[in-house]
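Here is the structure we will look at.
Just so it is clear, none of the values below were taken in a lab; they were calculated from the coordinates. Treat the numbers as computed from the prediction; the structure is a model and nothing was measured. FYI the Cβ positions are ideal-geometry reconstructions off the backbone, even for glycines, and counts take in every protein chain you see.
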Amino acid sequence: MNAIAPIDHPAPEAPKLPLVRTLKVLAGITRWTWRVCSILLMLFAGSFILIGLSQRFRISTDPEDLALIAFGVVVFAGLILAWWHEGLGGLIILLAAGTATVIDMVRNWRATGHAGGGEDAAGFGVLALPLLMLLSWSLHTLCEPQTRPFTRRVALIAAPLLTVAIAFCVAALVHAPFNP
């Protein structure tokens, strides 16, 4: 008796949920948006470094100048790190920007008696880039099926909060007065 062996067909792939596809598209858009912005920021900062080197400037020993140089080095390192670990790179840049903001507020407080006003709102636009990196990390984390449950919960909470924070930063940047 000849039995016909069953033909092994690959199991059909489970249809992807529209939400997961949408999250993957949004994750890709946010990832490439912050990457393009980081390249532009590195080119912009690099031009100032090249101009300074061409003029043979000396590094000041003033603590404020040293803090600005340290801030630039940390942000540059965070931008480079973010290409491989966007969550960590975004967090480093966010902490550096927050530290620089606190230092600036303390300096303004000592000089004028108040921490700053609406004219400093344009500085919040700088925070949009690391927040975008963290949003990209959280969206990519939500799309990965093998993500640990705790990490998935953190990403689920972080994504809407980061979206609102980015909206506030961009709004502050757009509505900041221009003082040449």
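Annotations
- Once the chain from V25 to L50 is taken as fully extended at 0.36 nm per residue, the excess over their C-alpha distance is 5.3 nm.
- Taking the number of Cβ atoms within 10 Å of each Cβ as an exposure proxy, the fewest-first ranking of I103, I39, I93 is I39, I103, I93.
- Per-residue extension of 0.36 nm, minus the Cα-Cα distance of L95 and F71, leaves a gain of 7.6 nm for this segment.
- Between H85 and L161, the simple label model (points 7 Å from Cα in the Cβ direction) yields a spacing of 2.1 nm.
- Of F44, F168, the sequence from fewest to most neighbouring Cβ atoms within 10 angstrom is F44, F168.
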